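The values are calculated or read from the model by the stated rules, or taken from the named source; none is laboratory data. Keep in mind it's a predicted model, so treat the numbers as computed, not measured. All Cβ positions, glycine included, derive from the backbone under ideal geometry; neighbour counts span all protein chains shown.
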Amino acid sequence: MNQTIAILFITVTAMLALPVNTVAQPNLITVTNVVTITETNFVTVTNVLPAAGGNAKPPFESAANQMLQPIKYPWESSFSAGLTLTRGNSSTLLVTGGAQTHKKTPDNEFGLGADGAYGVNNAVKDVDTVHGFGQYNHLFNERIYAYARVEGLHDGVADLQYRITVGPGAGYYLIKQTNTALAVELGSSFVCERLGNVDDSYATLRLAERFEHKFTGYNARLWENAEILPQVNKLDNYIVNAEIGIESSISKSVSLKTFLVENYNNQPAAGRDKNDIKLVSGISYKF
């Protein structure tokens, strides 16, 4: 009996414990979902509609072509001429002409020029000059440069058949601005001349300066240059050349030009003056 009750008690206890365990120990389910979605869409739509005729270029292509175009440094040239004629109590004729061209780049500067004048006074020739020059500058930086220069002069009234001057040197820009430039030069030259039917050649030093200023509000410019060339082994034999002038624009291409030229030779030909001064006025055309 007691054994039966014990068995029954154990059976009932086991049956009661089964649902308790079910509640006390629930099922644990862990679900981890990691979803990474990366979506990158690049959409480029370019609609270029050319004008009638099909010659228009896309804007980006035109801009690219402009960026690829090299910077141009053109030659700037001018031609000038003047005429003075009098009749009556005096009979004079003076004809002048000249041409110049120059080009400037960040590394090099080129200048070429030629001018001449012919005049008579009461049938007597009193002006007979032909002049020309060429100069090349190579810039090492914005201000310092080396130059090579050649210059020629004929003055029939001064009995100078020819004078050719050739030489190198160095220069320095004291002022180098958009509208103003001032440079000094120091070098040497070799002079070959026929003066008073006497041929001669000698070496000289060369000290020079040149100045230019542009008056933008008045469309005008002022320039001035001077040089002295003393003979190396005979310093009392020297030459001075100087020029000062002003130019005022009438239009984009035409301007009025007036300048004064002085040529001084400390040892002139026999019977000739040391100093020759010439005032020239005329019209200049730029092209």
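Structure notes:
- From the options Gly282, Gly187, Gly196, Gly271, residue that is touching a Pro at 6+ places or on another chain (Cβ under 9 Å), of a type outside the set (Val, Ile, Thr) and modelled with pLDDT under 95: Gly196
- For segment 134-169, a residue qualifies if it is more than 22 Å from Pro230 (Cβ to Cβ) and acidic (Asp, Glu), and exactly one does: Glu142.
- Any hit, segment 116-129, residues being surrounded by 12 or more Cβ atoms within 10 Å (Cβ to Cβ), touching an Asp or Glu at 6+ places or on another chain (Cβ under 7 Å) and under 29 Å from Gly169 (Cβ atoms): yes
- Test for Ser201: is it surrounded by fewer than 19 Cβ atoms within 10 Å (Cβ to Cβ) and without any contact (Cβ under 8 Å) to a residue 12 or more places away in the chain: yes
- Hits in segment 108-124 - residues which are of a type in the set (A, V, I, L, M, F, W, C), assigned to a strand (DSSP E or B) and either in contact (Cβ under 8 Å) with a residue 12 or more places away in the chain or in contact with a strand residue (DSSP E or B) (Cβ under 6 Å, 6 or more places away or on another chain) (or both): Phe110, Leu112, Ala114, Ala117, Val120
- All positions within segment 129-155 that are more than 23 Å from Ala99 (Cα to Cα) and either in contact (Cβ under 8 Å) with a residue 40 or more places away in the chain or of a type in the set (Ser, Thr, Tyr) (or both): Tyr145
- Annotation: Ala208 fulfils all but one of (1) closer than 19 Å to Glu185 by Cβ; (2) of a type outside the set (Lys, Arg); (3) touching a Phe, Trp or Tyr at 6+ places or on another chain (Cβ under 9 Å); the unmet one is (3).
Residues checked against (1) at pLDDT below 95; (2) closer than 23 Å to Gly132 by Cβ:
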{"residue": "Leu207", "(1), (2)": "no, yes"}
{"residue": "Tyr218", "(1), (2)": "yes, no"}
{"residue": "Leu229", "(1), (2)": "no, yes"}
{"residue": "Lys234", "(1), (2)": "yes, no"}
{"residue": "Ile246", "(1), (2)": "no, yes"}
{"residue": "Ser251", "(1), (2)": "yes, no"}
{"residue": "Phe259", "(1), (2)": "yes, yes"}
{"residue": "Asn263", "(1), (2)": "yes, yes"}
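- Meets criteria (touching a Gly at 6+ places or on another chain (Cβ under 7 Å), of a type outside the set (Val, Ile, Thr) and touching a residue at least 12 places away in the same chain (Cβ under 8 Å)) for Gly169: yes
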